[in-house]
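Scroll down for the structure; my scribbles are underneath it.
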Amino acid sequence: ISKRGTDTLNILRKGPKGFADPDALLYTFVREPLVQLSRSKVSAADFTVTGKDTVYNQSSMLYAKFFLPSGFEDYALDEIKDKAGEQGTAVFRMSFIVDKNGVADSVKVIKGIWQAYDELYLKAFKKAKTKWKPALLNGKPVAVRMFAEAKYVSSAMIQPSNVYSSQGDEFYNNGKFDVAVQYFDAALKNYPDNETNLFKRGICKLRLDDIPGALADLKAVKEMRGDLQVDKLIEEYSK
């Protein structure tokens with residue numbers, strides 16, 4: 001912990017060479033009520049009017065909160081697990097509205113996977129429709145349109161990948177980057193979209209002076225998720 005305040009907390013995570021390492025990460029946490037209360041103005045693009053109800057769009061400062069800390073997506077995936085019986089990977093996307101009373105409804109599947117999976121996901125959604133805390137705007141509860149995305153990976157793919165990942169992590173943490181790369185290669189062969197393994201393999205390649213290979217992995221991670229650390233590394237090593 002680098003700094004602790006009444007409403008904020010700063011945590012510094014050291015890099016391979018300590019806290020002064022360029023790869024060290026600084027996390028800043030702010031109490032959630034302050035984040036939502038800080039938003040006092042909205043534009044026409046922030047909401048729609050449905051009948052007599054105003055529905056705001058989800059944003060980084062305006063959102064409904066699921067009752068579990070891990071979030072709705074993890075809850076739904078835990079409910080489904082491998083019950084759909086398919087192998088491979090796919091992405092499921094949907095939207096829904098959490099009203100000012102904390103009830104989720106008006107679900108719309110934006111991108112389904114296959115019927116059995118979609119039905120199981122929607123069943124999990126309906127089971128937890130009253131398990132939300134409404135979004136707050138200027139301290140008052142409002143209806144908000146939320147979006148959920150879930151990446152399905154069958155156990156037949158992820159289990160072999162986990163074995164290679166754990167072995168790669170061991171060599172990575174011990175600074176044996178040449179060996180770690182081989183294990184991350186094997187893990188990614190089974191599960192190509194694992195962004196954590198891609199990122200770690202990219203760092204290994206940086207340590208081994210394989211800059212083109214490292215940039216390819218880091219850019220693949222950037223395509224999957226926005227990450228300030230990844231952006232900085234790409235910018236630094238693209239010069």
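We did not get these values from a lab; they are worked out from the coordinates using the rules stated. Keep in mind that what you see is a predicted model, and the values were worked out from it rather than measured. Heads up, the Cβs are rebuilt from the backbone with ideal geometry, glycines too, and the neighbour counts pull from every protein chain shown.
With R₀ set to 41 Å, the beta-carbon distance separating residue 236 from residue 67 gives a calculated FRET efficiency near 0.50. Among the listed pairs 14/151; 65/140; 17/189; 65/131; 14/200, those with a Cα-Cα distance over 18 Å are 14/151; 17/189. Placing unit charges on the Cβ atoms only, positive for Lys and Arg and negative for Asp and Glu, gives segment 155-223 a dipole magnitude near 60 debye about its Cα centre.
Extension gain, residue 111 to residue 59: 0.36 nm times the residue separation minus the Cα-Cα distance gives 16.7 nm.
Cβ crowding within 10 Å, taken as a proxy for footprinting-reagent exposure, orders 161, 106, 238 from fewest neighbours to most as 238, 106, 161.
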